[in-house]
1. Modelled with pLDDT of 70 or more and touching a strand residue (DSSP E or B) at 6+ places or on another chain (Cβ under 6 Å): is that true of residue A:131 in this structure?
2. Of all residues in the stretch A:127-146 being in a loop (DSSP other than H, G, I, E, B) and of a type outside the set (D, E, K, R), which is most open to solvent (accessible area, probe 1.4 Å)?
3. Pairs only if they're at least six apart or on different chains, beta carbon under 6 angstrom, first in the stretch A:570-582 and within 10 Å of chain B (Cβ to nearest Cβ) and under 16 Å from residue A:465 (Cβ atoms), second among the basic types (Lys, Arg) and open to solvent by 30 Å² or more (accessible area, probe 1.4 Å); list them, first residue then second.
4. How about the stretch B:1-96: which strands (runs of 3 or more DSSP E) wholly inside it have at least 2 residues that are of a type in the set (Val, Ile, Thr)?
5. If you go through the stretch B:99-120 one residue at a time, do you hit one that is within 11 Å of chain A (Cβ to nearest Cβ), in a strand (DSSP E or B) and modelled with pLDDT under 90?
6. When the residues of the stretch B:60-77 are filtered to those that are within 13 Å of chain A (Cβ to nearest Cβ) and touching an Asp or Glu at 6+ places or on another chain (Cβ under 9 Å), which remaining residue is nearest to residue B:109 (Cα to Cα)?
7. Taking the criterion of being more than 14 Å from every other protein chain (Cβ to nearest Cβ), open to solvent by 10 Å² or more (accessible area, probe 1.4 Å) and at pLDDT 90 or above, would at least one residue in the stretch A:217-230 satisfy it?
8. Across the stretch A:584-598, what is the number of residues that are among the hydrophobic types (A, V, I, L, M, F, W, C), over 8 Å from the mean Cα position of the chain (by Cα) and within 18 Å of residue A:458 (Cβ to Cβ)?
Amino acid sequence: MTLDKKIIGIAEEMGACHCGFADISPIYSKWPDSFDECSHLPAALTTGISIGVLEDVDMLMNLPHTDNDYRTKHYAEKIDLALKICGNIAALVNESGFTAHLLSHPPIKKATGLYKGIAVLAGLGWVGKNRLFVSPANGCHVALGAVLTDAPLPVFNGRQMENRCGNCTRCMDICPVHAYQTEFFGEANGLDGFRTDLCSVVRGVINPTGWGVCGLCVKACPIGKGRGGTPFVKQQIENDFVSECAAAGDFNNDGVTDITVGPYWYEGPDFIVRHEIFAAEKFDRHTYSKTTQPCFAHDFNGDGFADVFCIERNPGPGGTYVFQGWEKDADGCSGWRGVIYKNPAQKESKWIRHVVLDNIANEAPVWGDINKDGRPELIYSSPEHYGYAAYDPANPYGAWTFFPVSENMHFYLASGAGYGDITGNGTNDLIGPSGWWENPGGEKYPWNFHPQKFSENAAQMYVFDIDGDGLNDILTVWHCHGYGLVWHKQTRDKDGKINWQKHEIFPADPFEKTTAENLSSMPRVSQLHSLEIADINGDGINDIIVGKRFWAHGEFGDPEPEVPAEIYWLEIIRERDGVRFIPHLVDGDSGAGTQITAVDLNNDGKINIFTSNKKGVFIHR
Amino acid sequence: MLRLTGSVNTTLAHPKCVAVDSDGNIFAGCAGYNGGLEKFTHGSNRAYESEWCHAIGKVMGVALTDAGHVFCTVKSDRHEVRVYKKCGGFLYSWGSTGAAEGQFSTPTGIASDGKGYIYVAEGSSWPAVQHNDTWVVGGNRLQKFDSDGFFIWQVSGFNVPIGVAADKKCRVYLSDTYNCCVRIFNENGELIKSFGEYGSSPGKFNCPQGIAVDRRGNIYVADVLNNRVQKFNGDGLLLDVFGNEKEFWLPCGIAVDESNRVFVADTMNQRIKIYEQAGDAAQ
């Protein structure tokens, strides 16, 4: 095992919430006096190992004000843990023949900035306006530790995480003693514009020994609000790239939900025992997998054992799944095929492959009972028409029937599909990135098209009442290979005509296009290629789950392929005069593929999140 | 029991103080980085609308007098009290930065009593506030003035007192924020009562700031870090607790109108929430 893996192993085992490696040369050159402590060391130690330990926010916020010893009761406990982890790491580095220096606590002058600077250079977060290190997962609730070394470690070489404070000034505005004199978008090492003497007044008041914080600037930070770190625990069940789809069903008819990523299914509720559905491959991250598009689980023959519906494509030259354009393949198929793998129902036979659809020509087809016959259909676009395909219950493994909802669009290629009752007449309409098709009822096709730009390039699209006004709205990503998450509010004029108002949730502009006016405090995440809704917090309102499709088009294909692969859930809060969205990071190092499945996998009443992508297969419990 | 009946989004970034007049007009102040004072009035459809908003620096407290004037404590180039007409027109100001009687170092809450006297609390500024190249030490006190700013008395010895209220009988109520308690004084500045201590259980406080008193002498305290409002009778007996982390996000300011409606500055959520008290309307 390499040294970096061993270090990460120690950090994780001892309870660190982050561990990263940074080239700290920029700190040496900018703030040489930060390294007074290291002046006796034999050589410049240009690599920093950053360790973070999650603070217990509830405890932090409920410390006694009159007799507490904040340091000993909590902060020191977490700092001590960070130091212990760093000590063990330093010992390991020394045993490996390299120099390691453990940064001390309490920090030397300016060394507080040193801890933050190393964490920032390691790509783990940014320094907020409250001058605290902010991680997207845990907000400012991280106690930092650091080791300096000359060991050859894989330092973070991507772009540092952008400051996501945006135009938010909550931490500054809440301060009772006005310690924040100026805004701050400066360097990690600085406390420019922050009156430590005023802040220390509060400290002194809370605890005459000189330590203690009132915590208002921490609690005012919307990053990590209400949780002090993600409540999700990550389980990685594959380390290899096997698929980008994820579905749940009962594949062994034991009443427990299992999961599938296409070539494999995993037995619930532990998901440790793995079974092969078809010949599995480990794919190169620079290419694609056989099941790049979503898959679905459904018991087509009613035997109690769920089958698996996959959207597959023939491999290209050399057997790899590189993008081949949309020319017909040797079998005459333009695009993907819809394939059912019939569950052998625990008999000795294999899963039998049945090709039921050809010419699936858009990304992110969706699965749902659009015609309300009690059976699921596949909603997608053929090269000519947007529509849906249904199976014959008497012959579910035979060819499905396609119903062309749109006019012939002469190769309608798009990413994104969805359905729902927009008009409120009880029938499901169809939506796509460029508009929606009104269901006239009965067997009449095509449906009337209402053009409306819902998205530039969508993934899954959802129709539901987001703001609670009784009208169904539309949720979609703005560009699944760019940026943005938006919702379109449905409004009606006095004649009942349907209109739409677009509202941005995650910013749609890349960072380079931001100005002082359009800075957003919401995360700016690229490649949001999968979207799901589920009631995460149990308030009866569907929330949003969205994730970055890690390396969607490989190493260089899309914006910011190197930044952390994040997955978020967004809490929808309906208010008297609108709706707002609170983002909560589920995980910062997994992301999603082309499909997110959010269901209760272990019947504990809580929604679990399941993804598969080029980093592996993940369950967030 | 209190029932939410309205919510007003503010233009101000994060409203920390609020006052309400007998016509139901709301005056909110923001002490934040981009501070200001804003008035809301009922629009044609009875919904609140912003009538004016002045960018006058960090507004720490706001109070209304029976004479129809709006008093606010401001920290900008100087620390002072500014007086406006309800229509937004500036009238006059008094006070300056300093530690002497009648001066201010970080003025916080402000209140007016039944006789038109003005009470100003001052947060801590230790070790010093720099003003014109001099360092001024002061704060942690409560001062009483007449409406023209003539100093009457002061009481000191608090830990960042932020909220102040006064009733028609000229009793003064002070939230001693970092001592986590409420102190009540008579019109001569003599301590009558003190109650509360640090904690999260009902009746205790964690960083109490805004304070208000209704016409029956009940006291309302914005218990900021507990994300709630607590209601006490004049003797400090707990009557009601409402709010939680879902309802409020660091609520700093509070006011009560003559109908006993409660206005809470839900600071981090950038809104004023309005509550009615079941059964109080006829009393």
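1. Working: modelled with pLDDT of 70 or more: yes; touching a strand residue (DSSP E or B) at 6+ places or on another chain (Cβ under 6 Å): yes.
Spelling it out, residue A:131 is indeed modelled with pLDDT of 70 or more and touching a strand residue (DSSP E or B) at 6+ places or on another chain (Cβ under 6 Å).
2. Initially, the stretch A:127-146 is screened for residues in a loop (DSSP other than H, G, I, E, B), giving A:128-132, A:136-138, A:140-141.
Imposing the further condition that a residue be of a type outside the set (D, E, K, R) reduces the set to A:128, A:130, A:132, A:136-138, A:140-141.
Values: A:128: 1, A:130: 9, A:132: 58, A:136: 16, A:137: 22, A:138: 13, A:140: 9, A:141: 7 Å².
The qualifying residue most open to solvent (accessible area, probe 1.4 Å) is A:132.
3. A:573/A:580
4. On the way: elements: B:2-9, B:15-20, B:26-30, B:36-42, B:48-54, B:58-64, B:69-75, B:79-85, B:90-94.
Once the strands (runs of 3 or more DSSP E) in the stretch B:1-96 are filtered for at least 2 residues that are of a type in the set (Val, Ile, Thr), what remains is B:2-9, B:15-20, B:58-64, B:69-75, B:79-85.
5. no
6. Going residue by residue through the stretch B:60-77, those that are within 13 Å of chain A (Cβ to nearest Cβ) are B:60-61, B:73-76.
The next check asks that each one be touching an Asp or Glu at 6+ places or on another chain (Cβ under 9 Å); those that pass are B:73-74.
Details: B:73: 7, B:74: 10 Å.
Here the answer is B:73.
7. Here is the first cut: in the stretch A:217-230, the ones more than 14 Å from every other protein chain (Cβ to nearest Cβ) are A:229-230.
Pick out the ones that are also open to solvent by 10 Å² or more (accessible area, probe 1.4 Å) and you get A:230.
Checking the rest, the ones that are also at pLDDT 90 or above come to none.
No: the stretch A:217-230 contains no residue that is more than 14 Å from every other protein chain (Cβ to nearest Cβ), open to solvent by 10 Å² or more (accessible area, probe 1.4 Å) and at pLDDT 90 or above.
8. Total meeting the criteria: 1.
The values are calculated or read from the model by the stated rules, or taken from the named source; none is laboratory data. Computed from a predicted structure; not experimentally measured. Note that we place each Cβ from the backbone using ideal geometry, even for glycine, and neighbour counts take in every protein chain shown. For the accessible areas, the whole protein counts, side chains as well, though only heavy atoms, and no ligand, DNA or RNA atoms are used. Shrake-Rupley method; radii C 1.70, N 1.55, O 1.52, S 1.80 Å.
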